[in-house]
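Report on the following structure.
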Amino acid sequence: IHTPLIEIVPVDDDTQLRRAIADIDSYDYVLFTSRYAAKYVGALSVRHTRIVSIGRTTTKALHQIGVEEVYEVEEDNSYGVISWFSRQPRGRVLIPRSNLALPIIPQGLRQLGFEVDCITAYINRMPEHPKKVNLDEIDRIVFTSPSTIDNFIRLYGVLPEKKELVTRGPITEQHLQTILKQR
């Protein structure tokens, strides 16, 4: 049963995003960490900028909007991004991202010596009317991001103890373990 617990919407004021895009050639890299960033940034006309993707889904979204040359990191998570950048020439990185994006990637890149600018490209929020299901009929719950865990708790009050809780990626798993330790 698919019950979306996040909703992706455009930012109310995209002035900063438009300014960054207008100045795109001043960046050595533009890092896309989600398909939504690709959607809200749109096709880019760049000459000297490497377009970097966190993984296959994001790369596909970039290709769909006309970005042909994309560098895709080997491991599709925050740590994979940092590892990929550790082997690249240092420079300036633009990261268009969610309002809820974690600081792991920008902090990691700065520690490696990159200059990093983060711009909010879209808003990640809980849907106004999320669909609540009967958890007695569910054996396994899959969380795709830390925000889906947080929104699940907002909707249901707690994480169920007698269900299999599955996460996608190490960041979401770390978030889940932190919450479970607080029980």
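Side notes on the structure shown:
- Accessible surface, per residue, of the chain when the full set of protein chains is kept, probe 1.4 Å, Å²: 58 Å²
- Pairs exceeding a 28 Å alpha-carbon distance, out of Lys131/Lys163; Lys132/Lys162; Lys60/Lys132: Lys60/Lys132.
- Net charge of neighbours whose Cβ lies under 13 Å from the Cβ of Arg125, counting Lys and Arg as +1 and Asp and Glu as -1: -3
- Most tightly packed first, judged by the mean number of other beta-carbon atoms within 10 Å of their residues, the peptides 77-89, 153-165 read 77-89, 153-165.
- Highest-fluctuation residue, Asp23, Asp117, Asp150 considered, GNM on the chain with Cα pairs under 10 Å: Asp23
- Dipole magnitude for the stretch 60-145: computed about the Cα centre from +1 point charges on Lys and Arg Cβ and -1 point charges on Asp and Glu Cβ, it is near 320 debye.
- Net +/- balance of residues flanking Glu115 in space, Cβ distance below 14 Å, scoring K and R +1, D and E -1: 0
- Scaling the Cα radius of gyration of the stretch 1-126 by the globular reference 2.2 N^0.38 Å produces a ratio of 1.00.
- For a label point 7 Å along the Cα-to-beta-carbon line of Arg154, residues of the stretch 4-18 with backbone N under 20 Å: 4-13
- MRE, 222 nm, helices only [DSSP H, n ≥ 4, -39500 (n - 2.57), over the chain, to nearest 500]: -10000 deg cm²/dmol
- Beta bridge orientation in the chain: antiparallel %, DSSP, nearest 5: 15 percent
- For the chain, built as a Gaussian network whose Cα springs stay under 10 Å, the top-fluctuating residue of Val30, Val67, Val52: Val67
- Across the stretch 79-154, Cα pairs under 8 Å and at least six residues apart give a relative contact order of 29 percent.
- The stretch 63-108, dipole about Cα centre (Lys/Arg Cβ +1, Asp/Glu Cβ -1), debye to the nearest 20: 360 debye
- Net charge in the neighbourhood of Arg92 (other residues with Cβ under 14 Å of its Cβ; Lys, Arg +1, Asp, Glu -1) is -2.
- Distant-in-sequence amide H partners of Tyr71 (H built 1.01 Å from N, under 5 Å): Ile51, Val52, Ser53
- Only Lys, Arg (+1) and Asp, Glu (-1) charged, at Cβ; the stretch 24-183 dipole about Cα centre in debye: 240 debye
The values are calculated or read from the model by the stated rules, or taken from the named source; none is laboratory data. These numbers were taken from a predicted model, which means no experiment stands behind them. Note that each Cβ is placed from the backbone with ideal geometry, even for glycine, and that neighbours are counted across all protein chains shown. These area figures cover heavy atoms from the full protein model, side chains too; ligands, DNA and RNA do not enter into them. Shrake-Rupley method; radii C 1.70, N 1.55, O 1.52, S 1.80 Å.
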